[in-house]
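Working notes for the structure below.
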Amino acid sequence: MTEPKATVRIVCAGGAVQDNVMRVEKFPEPGGKVSATDFIVTSGGQAGNAAVAMARLGARVTYIGAVGDEHDDVANSILRAFAKENIDISKAIRVPGARSAASLIMLDAQGEKMIATLRPQGLHAAVPDDPAGTVAQADAVMLDNRYSNISLPICQAAKACGIPRVLDFDKPTPTDDPLFQCCSHVICSADAIREATGVADLPGALKKLGASFSGFLAVTNGPQGVYWLDDGAVRHLDAFQVEAVDTLGAGDTFHGAFAVRFVESRDVVDAMRFAAAAAAIKCTRFGGLMGAATRAEVEAFLKEHA
């Protein structure tokens with residue numbers, strides 16, 4: 001493994017959510033009740049999860065996204081959680097009169113999840129006031145596509161600086177979407193790429209989406225690993241097999257870890273293997289991204305699975 005860069009600096013742009021998570025043995029039937037065995041309130045969201053994952057891996061992370069105003073307890077809780085992870089929250093946009101997003105989540109005994117998310121519309125009108133200044137010292141930007149009002153200006157500023165732009169493609173969008181086309185590295189969820197392309201087969205979906213995109217393109221598929229395009233050919237990397245306790249945030253962990261490692265090695269295969277290890281460790285721990293791995297843990301895991 002290439003020696004890590006002294007301090008990787010990444011701007012993480014997009015949504016942050018408060019996750020209210022309960023662990024249950026099995027999901028209730030419609031109208032039914034079940035007993036929970038554990039409960040946690042933590043930060044979440046695509047960009048929020050990726051920010052925590054990257055900070056745990058030793059990156060210097062700046063979070064920029066729209067959250068509720070100073071009177072919103074949910075927003076205050078999210079930002080406090082980020083600050084405890086040594087994430088720079090000075091660029092967070094407090095939207096007057098708005099509430100932050102929140103999710104209700106149930107996790108079953110196999111680590112699978114059911115999620116309901118409230119995304120207040122007031123957050124989608126906010127925009128960064130200084131995108132160029134925000135990315136000026138960054139080595140890369142990590143973006144989600146559910147809050148393009150934040151992510152697109154940051155992505156455009158990063159492109160102007162020639163720095164990598166990694167997109168978490170979790171919301172199906174057309175191929176001419178400006179944010180999608182502005183990114184250098186796009187990693188899709190399986191559900192999003194299937195819905196965006198209308199192709200159920202993941203290699204086929206990759207080829208269809210890749211016909212309209214010139215950058216690096218991949219799709220994660222949980223325990224089935226990751227597929228990516230390599231000069232038009234579809235390649236595959238196995239996931240590390242672990243006993244999953246909580247899959248919440250595993251995809252976001254993969255994206256964040258990929259961004260950190262790619263800055264260090266400039267090798268997409270090395271970055272994906274590093275990201276797969278970080279995601280696997282996260283899946284073995286309850287608590288969403290509070291179970292994110294440290295750099296030392298990922299490196300020890302990779303050595304064990306060499």
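The values are calculated or read from the model by the stated rules, or taken from the named source; none is laboratory data. A quick note: this is a predicted structure, and the numbers were derived from the prediction, not measured. Cβ coordinates were reconstructed from backbone atoms using ideal geometry, including for glycine residues, and neighbour counts include every protein chain displayed.
The rows are residues; the columns are (1) of a type in the set (Val, Ile, Thr); (2) over 21 Å from THR253 (Cβ atoms).
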| residue | (1), (2) |
| --- | --- |
| VAL74 | yes, yes |
| LEU79 | no, no |
| SER103 | no, no |
| ASP108 | no, no |
| THR117 | yes, no |
| ALA140 | no, no |
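Report yes if PRO120 is more than 19 Å from the chain's Cα centre (by Cα), surrounded by 21 or more Cβ atoms within 10 Å (Cβ to Cβ) and not aliphatic (A, V, I, L, M), otherwise no.
Against the criterion (more than 19 Å from the chain's Cα centre (by Cα), surrounded by 21 or more Cβ atoms within 10 Å (Cβ to Cβ) and not aliphatic (A, V, I, L, M)), PRO120 does not qualify.
Might you let me know whether the stretch 35-48 holds any residue that is touching a Phe, Trp or Tyr at 6+ places or on another chain (Cβ under 7 Å) and surrounded by fewer than 19 Cβ atoms within 10 Å (Cβ to Cβ)?
Yes, the conditions are met somewhere in the stretch 35-48.
Does PHE240 meet the test of being under 22 Å from THR284 (Cα atoms) and part of a loop (DSSP other than H, G, I, E, B)?
Here the answer is yes, as PHE240 does meet what is asked.
Suppose we filter the stretch 16-68 for residues that are touching a Gly at 6+ places or on another chain (Cβ under 6 Å) and within 13 Å of PHE82 (Cα to Cα); how many remain?
Adding up the residues that qualify gives 11.
Within the stretch 63-74, count every residue that is over 19 Å from the mean Cα position of the chain (by Cα) and either charged (D, E, K, R) or not in a loop (DSSP other than H, G, I, E, B) (or both).
Total meeting the criteria: 5.
Run ARG165 past the list (1) within 21 Å of ARG266 (Cβ to Cβ); (2) surrounded by fewer than 21 Cβ atoms within 10 Å (Cβ to Cβ); (3) of a type in the set (D, E, K, R) and report the number of the one that doesn't hold.
It fails just one condition, (2).
Taking the stated definitions as given, is GLN18 within 23 Å of ARG165 (Cβ to Cβ), buried (at least 17 other Cβ atoms within 10 Å of the Cβ) and not small (Gly, Ala, Ser)?
no
Given the criterion modelled with pLDDT of 95 or more, in a helix (DSSP H, G or I) and small (Gly, Ala, Ser), identify the matching residue among ALA218, ALA259.
That would be ALA259, the only listed residue that is modelled with pLDDT of 95 or more, in a helix (DSSP H, G or I) and small (Gly, Ala, Ser).
Check the stretch 183-202 and report whether any residue there is closer than 30 Å to THR37 by Cα and in contact (Cβ under 8 Å) with a residue 40 or more places away in the chain.
Within the stretch 183-202, one or more residues are closer than 30 Å to THR37 by Cα and in contact (Cβ under 8 Å) with a residue 40 or more places away in the chain.
Filtering the stretch 221-256 down to residues that are surrounded by fewer than 15 Cβ atoms within 10 Å (Cβ to Cβ), more than 20 Å from the chain's Cα centre (by Cα) and modelled with pLDDT of 95 or more, which residue is farthest from VAL41 (Cα to Cα)?
ALA233
Can you report the number of residues in the stretch 149-162 which are buried (at least 21 other Cβ atoms within 10 Å of the Cβ) and either under 14 Å from the mean Cα position of the chain (by Cα) or without any contact (Cβ under 8 Å) to a residue 12 or more places away in the chain (or both)?
1
All but one of (1) closer than 14 Å to GLY222 by Cβ; (2) modelled with pLDDT under 95; (3) crowded, with 23+ Cβ neighbours inside 10 Å hold for ALA276; which doesn't?
Result: ALA276 fails condition (2) only.
Looking at the structure I just gave you, is MET142 surrounded by fewer than 19 Cβ atoms within 10 Å (Cβ to Cβ), in contact with a strand residue (DSSP E or B) (Cβ under 9 Å, 6 or more places away or on another chain), part of a strand (DSSP E or B) and at negative phi?
In short, no.
Kindly establish whether PHE27 is outside any strand (DSSP E or B) and aromatic (Phe, Trp, Tyr).
yes
Enumerate the pairs (first residue in the stretch 243-255 and closer than 17 Å to ILE10 by Cβ; second residue anywhere and among the acidic types (Asp, Glu)) with beta-carbon separation below 7 Å, excluding pairs fewer than 6 apart on the same chain, so at least 6 apart or on different chains.
Between residues of the stretch 243-255 that are closer than 17 Å to ILE10 by Cβ and residues that are among the acidic types (Asp, Glu), the close pairs are ASP252/ASP168; HIS255/ASP168.
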